[in-house]
Every structure is written in C-alpha cells, then in structure tokens.
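Shown next, in structure tokens, is the structure this report addresses.
The values are calculated or read from the model by the stated rules, or taken from the named source; none is laboratory data. These numbers were taken from a predicted model, which means no experiment stands behind them. Note: areas computed on protein heavy atoms with side chains; ligands, DNA, RNA excluded. Shrake-Rupley method; radii C 1.70, N 1.55, O 1.52, S 1.80 Å.
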Amino acid sequence: MAKKPKNKPGSSTIALNKKAKFDYQLQDRLEAGISLLGWEVKSARAGKVQLTDTYVIFQNGEAWLVGAQFSPLPTVSTHFVAEPMRSRKLLMHDRELSKYQQAAEQKGYTVVATAIYWKQHLIKVEIALGKGKQLHDKRETEKERDWNRQKQRLFQHDQK
C-alpha cells in the first residue's frame, strides 16, 4: 500500500512583524537560527509569539534578538520561572554577522526581525536591514495600499 502524503496544517509562519514593513524600507533579508529554551518552543508551537517592536543588537561578536515576546503556557509556568521578554541569541555565520553589523553601524540603518517560522523541525527568524521611513513616506505607503484595495474592489465589481 502506498503511504498517504502528510497534510501540512496551514502555513509554517509562527509570527509576522507587519509594523516593520510600515516603519522601515526593508532592503536585505536573511534567515537566521534562534537559540530557544524548551518552553519557548512549546509557546511557538501554540502560536504565542509577538514580534512587534523587535530589533537586533550586536554585542561581543554576537547578534541578539531584543523585544520578541514568547508568552509562556500555563502548564510550563507552574514549575519554571519564565522570562517572556528576554534577549535571545541569533545563530548566524561570521560573514553575515559582520555584514549586518557594519550596516547597522551606518547612519539610519536598523536590523529588524520581520518573521518567525518553521523550517522543517527548526525555528528560523527572518531579519532585514531597514532604513527608517519619514512621515511622508508612511503616508505614501498608506495611500498606495488604499488605492490597491480600491482597485481590487472595482475589478471584483466589474466581473460580476
């Protein structure tokens, strides 16, 4: 008998940072590993991760994810003191690390986390090099988004 193909439940994305796309012009993206504790992996499986206002800092030749919130599950927090907002180490190659660190030291560049997702059995973080948008750029993004929505409505109305 042939084996049935495994059905993947939904997407492999755990959390997205939609605010980063609004606040920054994202230029260069990179996939990095993340060092997590057991209870944090369980929280990620349950989808209890927030990436809002998350960024990357560089200290002592290492990259650290700051501001990511992994909410502890009630079953884990009974026997372990969970720290949901702790800094987590990012796992990157030396070449990538130095490239992003040099870019972050330049004026106006920030390294932000844009997504956390599953890649097979590992949890990966997508980080991007971003340059902060001015207020007028944010307004332009909002106008463009509204216009795209309006076009979509018009096309759907014409097809009926």
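A few notes on this one:
- Candidates D146, D28, D53, ranked by Gaussian network fluctuation over the chain, Cα under 10 Å, top entry: D146
- Shape call, segment 103-155: gyration tensor on alpha carbons, a/c limit 1.5: oblate
- Sequence-distant residues sharing a close amide H with I14 (under 5 Å, placed H): I116, Y117, W118
- Cα-based Kirkwood hydrodynamic radius, segment 66-151, one decimal, Å: 16.6 Å
- Relative contact order (%) - criterion: Cα under 8 Å, at least six apart; region: the chain: 30 percent
- Accessible area of the chain divided out per residue, in Å², using a probe of 1.4 angstrom: 71 Å²
- Reach of K21 by Cα under 16 Å, taken over aspartates and glutamates that are not fewer than 8 positions away in the same chain: D53, E126, D137, E140, E142, E144, D146
- Expressed as a whole percent, the accessible surface of segment 83-126 that belongs to carbon and sulfur atoms is 48, based on a 1.4 Å probe.
- Using just its DSSP H runs of length 4 or more, each adding -39500 (n - 2.57), the chain gives a mean residue ellipticity at 222 nm of -10000 deg cm²/dmol after division by all residues.
- Using the Karplus relation 6.51 cos²θ - 1.76 cosθ + 1.60 with θ = phi - 60°, the per-residue 3J(HN,Hα) values for segment 33-41 come to x, 9, 8, 10, 8, x, 5, 6, 5 Hz, with x marking Gly and Pro.
- Pairs exceeding a 24 Å alpha-carbon distance, out of K48/K107; K48/K138; K89/K138; K48/K124; K19/K89; K18/K119: K48/K107; K48/K138; K89/K138.
- Share of pairwise Cα-Cα distances greater than 26 Å in the chain is 42 percent (whole percent).
- Table column - 3J(HN,Hα) (Hz), segment 124-135, Karplus curve with 6.51, -1.76, 1.60, x for Gly and Pro: 10, 10, 8, 10, 9, 8, x, 10, x, 7, 7, 4
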